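Have a look at the structure below, then the notes.
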Amino acid sequence: MKKTIAFTLFSLAVAFPARAQWIVYDPASNIQQILNTAQEIAKYVEMIDNQVQQIQALTDQLNEFKRYEALFGDPAKVLLLTLKPLTDDLRKTELGKTLTALETTADATAAMLDSGAGLFQVIGKNFTTPGGNTIARRDEPYRPVAAIQETAANYRGVSEDASARRVALKAEIAETTDSLKSATTDAEVQKLTGVLVGLSAALDSTDHEVSQATASALVQDIANRADDKRQVEARKEQQHAEFSEAVDKYGKTFRLLNAPVDFPTN
């Protein structure tokens with residue numbers, strides 16, 4: 001029986017020599033493939049673990065930002081109602097004029113017609129002599145007066161404007177201070193503190209504007225007083241020269257007789 005089976009297997013092997021194939025198994029190669037796959041899986045697991053750690057770090061940072069925002073607040077969300085009045089005041093053109101501009105616009109006619117809001121008497125551009133003649137006043141002597149009137153009017157305008165602005169700025173400072181007391185976040189406190197500093201600076205600026213207008217009036221008054229003294233000295237010098245010249249002419253015209261007078265004997 002065994003011989004018959006062996007003979008049959010041999011016959012089949014001879015009958016199908018090209019179609020028969022044997023499966024070859026290499027244990028070493030399969031083990032290496034398994035090891036390589038395990039290494040790749042380990043690397044993939046390590047990469048996933050790194051990504052998880054990065055996600056956890058980002059989550060921690062986000063939570064930290066949220067805690068910071070809860071403690072200090074978001075500056076972008078802090079809206080200040082007193083900021084616009086401050087910026088509007090800072091952008092205003094100063095009302096006061098420079099001393100040069102005031103001197104340039106000095107008008108002698110205005111000086112003659114100014115009543116100082118009823119405090120002074122208007123002198124007018126002309127006057128009448130006792131003989132009935134109408135004389136026009138000269139402009140030159142009144143221009144220094146017009147300059148001092150211009151500086152006085154400039155001071156009044158700046159002072160009135162500064163007073164109104166001071167009332168408004170002090171009200172904004174009070175409102176900002178109240179908001180600062182009720183501030184709940186550090187961002188709100190910092191912004192309100194900045195606005196408070198700006199309002200205080202604007203309030204100080206109004207004082208400087210008034211001081212500048214006062215200085216212009218004082219300087220112009222000093223200049224007028226100096227010119228008055230100059231004119232007095234000039235008149236004295238001129239009068240002295242005219243007197244000396246008149247005496248000299250008088251002496252040449254009317255000579256004193258210094259020789260004895262001969263009277264006739266007969």
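The values are calculated or read from the model by the stated rules, or taken from the named source; none is laboratory data. Computed from a predicted model, the values in this text were never measured in an experiment. Here the Cβ positions follow ideal geometry from the backbone for every residue, glycine too, while neighbour counts run over all protein chains shown. Surface accessibility is based on the protein's heavy atoms, side chains included, excluding ligands, DNA and RNA. Shrake-Rupley method; radii C 1.70, N 1.55, O 1.52, S 1.80 Å.
The table below gives the values:
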{"quantity": "Neighbour net charge for Thr214 - beta-carbon separation under 12 angstrom, K R +1, D E -1", "calculated": "-2"}
{"quantity": "Portion, in percent, of the accessible area of segment 107-159 that falls on carbon or sulfur, probe 1.4 Å", "calculated": "54 percent"}
{"quantity": "Links that overshoot a 31 Å alpha carbon limit, given the list Lys92/Lys181; Lys97/Lys236; Lys229/Lys252; Lys125/Lys229", "calculated": "Lys97/Lys236; Lys229/Lys252"}
{"quantity": "Environment charge of Ala241, counting only residues whose C-beta is closer than 15 Å and scoring Lys/Arg +1, Asp/Glu -1", "calculated": "-2"}
{"quantity": "Partner aspartates and glutamates for Lys249 [C-alpha distance under 15 Å; skip if fewer than 8 residues away on the same chain]", "calculated": "none"}
{"quantity": "Calculated FRET value between Arg230 and Leu95, using beta carbons and R₀ = 35 Å, to 0.05", "calculated": "0.60"}
